[in-house]
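What follows draws every value from the coordinates through simple rules; no lab data is involved. A quick note: this is a predicted structure, and the numbers were derived from the prediction, not measured. Here the Cβ is made from the backbone with ideal geometry for all residues, glycine too, and neighbour counts use every protein chain on show.
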Amino acid sequence: MNPDEQSGKENTGTLVCFALDEEAGAFRKTAVRIPDVSILVTGVGRHNAEASLRRFLEKNLPRLVLTCGFAGGLNPALVLGDVVFMTGHSALEDRLSNTDAHLVHFFTASRIATTAAEKKKLREETSADVVEMESGAILAVCRERHIPCAMVRVVSDTAGEDLPLDFNALAKPDMSLDYGKLLWTVAKSPSKIGALMRLHKNTRFAAERLAAVLEEFTFP
């Protein structure tokens with residue numbers, strides 16, 4: 001980015017991107033105590049992530065960007081609540097290595113990996129440790145703008161775990177969850193309620209684990 005492009009933009013310190021409010025919620029509670037940290041909820045998927053970040057960068061100039069949220073485990077060694085990261089920036093790698101986060105290989109997919117069989121296939125094809133849906137797009141924009149960026153995510157479902165529903169089939173065209181379809185699907189299969197409640201509990205725990213690492217990383 002040249003000086004003309006930077007002029008007039010507000011320096012916003014660290015920008016922390018999440019796809020969903022549910023991913024951001026736990027960190028929001030602590031971020032109010034941390035100077036120079038902004039949160040951006042982008043929406044699900046590469047297109048939404050890229051578009052949201054580009055809009056933000058029209059008026060703001062972050063010092064660094066973190067792309068955060070949930071990730072599906074592909075490596076069987078990873079357990080619920082493990083916080084993982086990847087970055088091509090040596091200084092960020094050093095800082096993140098001093099937190100309770102593990103350096104792993106990410107794969108950015110175009111759909112949610114909902115079954116253990118699908119995760120196993122992705123692991124075999126990509127050798128990745130985790131899968132998510134936004135970080136690749138955010139990292140590409142940051143590279144284009146020469147902004148340091150790191151992927152920092154938390155395992156919300158493990159490699160051997162099936163999700164209770166096919167959330168791809170419950171998405172709207174903009175990739176947000178269609179709650180009408182969700183309620184109709186649950187009404188037809190009430191046996192799924194218990195598994196959905198466990199998933200909610202697990203994702204809340206995962207969000208809290210991620211928030212703790214992000215606070216450790218971003219607090220001066």
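Can you figure out the FRET efficiency of W184 with N11, using R₀ = 30 Å and their beta-carbon distance, to the nearest 0.05? For R0 = 30 Å, the calculated efficiency reads 0.05. Extension gain, H105 to R204, is 33.3 nm, computed as 0.36 nm per intervening residue step minus the present C-alpha separation. Sorting the segments 60-71, 87-98 by their mean number of nearby beta carbons within 10 angstrom, highest to lowest, gives 60-71, 87-98.
Per-residue extension of 0.36 nm, minus the Cα-Cα distance of A51 and T115, leaves a gain of 20.2 nm for this segment. Averaged over residues, the count of other Cβ atoms within 10 Å places the peptides 17-24, 141-148, 152-159 in the sequence 152-159, 17-24, 141-148, highest first.
Mean sequence separation of contacting Cα pairs (under 8 Å, at least six apart), scaled by the length of the chain, corresponds to a relative contact order of 28 percent. The string of couplings for the stretch 101-114 from the Karplus curve (6.51, -1.76, 1.60, θ = phi - 60°) is 10, 10, 6, 9, 9, 9, 10, 9, 9, 9, 8, 6, 7, 9 Hz, one whole number per residue in order, with x for Gly and Pro.
Amide H contacts for H102 (H built 1.01 Å from N in the peptide plane; partners 5 or more residues away or on another chain; cut-off under 5 Å): V83, V84, F85. Cysteine residues of the chain whose C-beta has no other cysteine C-beta under 4.7 angstrom: C17, C68. Each of M197, M151, M86 has some number of other Cβ atoms within 10 Å of its Cβ, and from fewest to most they run M197, M86, M151.
To test your reading of the geometry: what angle, between 0 and 90 degrees and rounded to tens, separates the Cα axis of helix 179-188 from the longest principal axis of the chain? Compared with the principal axis, the helix lies near 20 degrees. Rounded, prolate or oblate, given the Cα gyration tensor of the stretch 46-149, with a/c below 1.5 counting as rounded? Judged from the Cα gyration tensor, the stretch 46-149 comes out oblate (a/c at least 1.5, b/c at or above a/b).
Between the Cα long axis of helix 45-57 and the first principal axis of the chain there is an angle of about 20°, rounded to the nearest 10. For the pair E124 and E93, a Förster radius of 22 Å applied to the C-beta separation gives a FRET efficiency near 0.25, rounded to the nearest 0.05. Decide, for the chain, between rounded, prolate and oblate: order the square roots of the alpha carbon gyration tensor eigenvalues as a ≥ b ≥ c, take rounded if a/c falls under 1.5, and otherwise choose prolate if a/b is larger than b/c, else oblate. Cα axes put the chain in the prolate bin. The length gained on full extension between L177 and A140, counted as 0.36 nm times the residue separation minus their Cα-Cα distance, comes to 10.8 nm.
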